[in-house]
Amino acid sequence: VMGALESRGVLRRMSDMLEMLMKRMDILARLENSTDFHKGDEARFPLDRFQPAAGLMERIQAIAQNVSDIAIKVDQILRNSLLNGKGMEGRRDQCEVPRDPKYPDCAGKVEWMRARWTSDPCYAFFGVDGTECSFLIYLSEVEWFCPPLPWRNHTVAVPSPPPPPRTQVRDLARLLELIGTGKESLSFMKKRIRHLAQQWLRAARRLEQRLAGRQRDQKHILVHIGFLTEESGDVFSPRVLKGGPLGEMVQWADILAALFMLGHSLRVTVSLKELQSHLGVPPGRGNCPLTSPLPFDLIYTDYHGLQQMKQHMGLSFKKYRCRVRVIDTFGTEPAYNHEEYATLRGYRTNWGYWNLQPSQFMTMFPHTPDNSFMGFVSEELNQTEKQLIKANKVSSMAVVYGKEASIWKGKEKFLAILNKYMEIHGTVYYETQRPPEVPAFVKNHGLLPQHEFQQLLRKAKLFIGFGFPYEGPAPLEAIANGCVFLQARFNPPHSSLNHEFFRGKPTSREASVSSQHPYAEDFIGKPHVWTVDYNNSEEFEAAIKTIMRTQVDPYLPYEYTCEGMLERIHAYIQHQDFCTTLSLPPSPRTKTPAMQSPPSPLALSPNSTHLVWSPSAGWAPQAWPPVASLQVWVSEPQHTCTETCRHHGLVCEPTFFRFLNKEEVFLQLSIACDSTEYEMNHLYPAVAENVRECYLQKEPLLFSCAGHHAKYRRLCPCRDFRQGQVALCRDCL
């Protein structure tokens, strides 16, 4: 859909192109008739290749004539339209740009429209035709930079909201239809959902019984898996059957199953065209807002999908981005998320700088408290299955974690030691020839279907990692099937500062990647998980001997069961609200008595080591998690808030930073401040004790559990957590 001038221009260009095509055909015909052209060349240039197709010439001439006729008719229609609407146009052309202090950007936007309104067909779609009034109508009724024109009819029909989602009949066949077909990645996800169907159904019934009588809002949810779209390259689908990474697809399959089992109304897209259709993107190049209000309460996507939405939603992206949840395996720390700060301080990467609330990013493991922990599920065994596994374990059997041959390269020393005690099995992908990186004494099964891999794990005693891949689902599956997981300790810990894999990701992960699987090391530990120095042959060999003698039961943390994931996602959907802004207290340079803050609701704990929410505060804000779970601790220098809270058996809770970002909190903790400043820094609030300088946070998006410095002791907001469910506090349900 184009404006008048653009329509004429397009038709004129079409006519010119057709004329040029006919000229070239004519030249070709003359060449064909030339005797010099054929001389000595008949063998190389078959004559029929250059025979002028008379029928084709006639068609081109007919098309050219039609285009010419259309151009004449368009001109006639436009002239008649201008004559008939002369009175109205008189009024429309008399529009003046309003000077309204409530709309300070109006004049600048009109100026931009004058120069650029033909740059995107979406403006003509919304009625912009080059007149001043059409600019103002668009900028006041489609966008919101100018005040409404007084002569316009303002009783615009408000589109009716989508009907509330109906209570879902939990038939997973319906979900499989929604996911669609056509990609190996989708087939993998559907097989996984089918395999776990009964576990999802049982878990949903148990959670429903526990939540009986509680408010449960049913949402309209769009799930757009951006990394599987052709526009993003979709490098995953072709590698599903060739040993490629499956962790992301495992997680997306489980997210879809959980949302469906919680009874929400879903739409699933894996193509840009479907995304545009569901969102209501107008035709054009993505500069205009959506054609109608967003019909979804929530959108789950990834970084690729986020980029696609920004490119095609125009101003609507900024308006609706609070409804987005970004599935982000390794996490996005606040310092990388804040565009201005990341640019100024050297934290800018290809993936960060979105200025979202950090909790809108959802990770595979709970390694970044600034983000929400989404997770995935592992198959849960009943007691009979557990006993059967224990009875059939082969204490001298090991399975190596690594489907790609490159992971085995340079590991001959470890494998030789392991081979002295155990029969080693591998699942390395190959097409015709056994990979040379896999020693001859290893029994390589090739790439196994998921159920066959599970059977292998149920017999094996040991599942051993060689340092890569990081933080995948396989170690949890192995532990759930009764294996001991042995992994290397990294010294120093891997991070974006010293390791290529993390470089460019929007997270530093300083000091947190101390092993191949930090969650298994920190949250599970011995006897199920052993983390040793692989460079110390004696320690490595001693660990293998001890593991062979150690009896372990199959173990799966509650948060990785179907019920645990349903519980967590239910809590997020019911309680997380990123569309309601929470303001920080003002940051005046000086305070008059009238500007004094109200008394702090925090109080010293009975043992005077930290602050808690005072029972006598007399009020409690509408916060989630509830403020009763808050504890304020002061870090040691060079310690993150994540480490500080964990040291006290707690987790860092960034939503609580706003309650301790106050000058009086330093006083309550007996911290002397000669000066207090508000600044933009992801380490604040903090104190530089050697110079008695205190700092408060100026930018709420930079509140961060991550980050440390030798100069600062940080104020850290910590909370308790439910046993087996670190994402939720004890009273969070």
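The values are calculated or read from the model by the stated rules, or taken from the named source; none is laboratory data. Just so we're clear, the structure is a prediction, and the values are computed from it rather than from any experiment. Cβ sites come from the backbone with ideal geometry, for glycine too, and all protein chains shown count toward neighbours. Just the protein is used for accessible areas: all its heavy atoms, side chains included, with ligands, DNA and RNA removed. Shrake-Rupley method; radii C 1.70, N 1.55, O 1.52, S 1.80 Å.
Remarks
- Sole exception among (1) more than 25 Å from residue 193 (Cα to Cα); (2) open to solvent by 10 Å² or more (accessible area, probe 1.4 Å); (3) touching a residue at least 40 places away in the same chain (Cβ under 8 Å); (4) not hydroxyl-bearing (Ser, Thr, Tyr) for residue 381, by number: (1)
- Residue 526 vs. criteria surrounded by fewer than 21 Cβ atoms within 10 Å (Cβ to Cβ), under 30 Å from residue 551 (Cβ atoms), touching a residue at least 40 places away in the same chain (Cβ under 8 Å) and basic (Lys, Arg): no
- Within the set 338, 304, the sole residue that is open to solvent by 10 Å² or more (accessible area, probe 1.4 Å) and farther than 30 Å from residue 679 by Cα turns out to be 304.
- Residue match in segment 378-385 (condition: assigned to a helix (DSSP H, G or I) and farther than 30 Å from residue 728 by Cα): yes
- Test for residue 538: is it open to solvent by 10 Å² or more (accessible area, probe 1.4 Å) and under 18 Å from residue 728 (Cα atoms): no
- Scanning segment 386-404 for residues that are surrounded by fewer than 22 Cβ atoms within 10 Å (Cβ to Cβ) and part of a loop (DSSP other than H, G, I, E, B) yields 393, 403, 404.
- Filtered residues of segment 225-256 (kept if over 20 Å from residue 567 (Cβ atoms), charged (D, E, K, R) and outside any loop (DSSP other than H, G, I, E, B)): 230, 231, 239, 242, 248
- Condition check for residue 452 on (1) surrounded by 15 or more Cβ atoms within 10 Å (Cβ to Cβ); (2) under 23 Å from residue 251 (Cβ atoms): one failure, at (1).
- Of residues in segment 223-249 being at pLDDT below 95 and among the β-branched types (Val, Ile, Thr), the one least open to solvent (accessible area, probe 1.4 Å): 240
- Test: residue 641 is touching an Asp or Glu at 6+ places or on another chain (Cβ under 9 Å), surrounded by 15 or more Cβ atoms within 10 Å (Cβ to Cβ) and not assigned by the TED database to the domain that holds residue 506: no
- Residue 489 modelled with pLDDT of 95 or more and open to solvent by 50 Å² or more (accessible area, probe 1.4 Å): yes
- Residues in segment 267-282 that are open to solvent by 60 Å² or more (accessible area, probe 1.4 Å) and either polar (S, T, N, Q) or modelled with pLDDT under 95 (or both): 277 only.
- Condition broken by residue 691, with the remaining ones in (1) open to solvent by less than 60 Å² (accessible area, probe 1.4 Å); (2) over 23 Å from residue 361 (Cβ atoms); (3) among the aliphatic types (A, V, I, L, M) satisfied: (1)
- The residues on offer are 682, 648, and the sole one that is open to solvent by 10 Å² or more (accessible area, probe 1.4 Å) and in contact with a Gly (Cβ under 9 Å, 6 or more places away or on another chain) is 682.
- Flag if residue 220 is more than 26 Å from residue 404 (Cβ to Cβ), modelled with pLDDT of 95 or more, touching a Gly at 6+ places or on another chain (Cβ under 9 Å) and assigned by the TED database to the domain that holds residue 322: no
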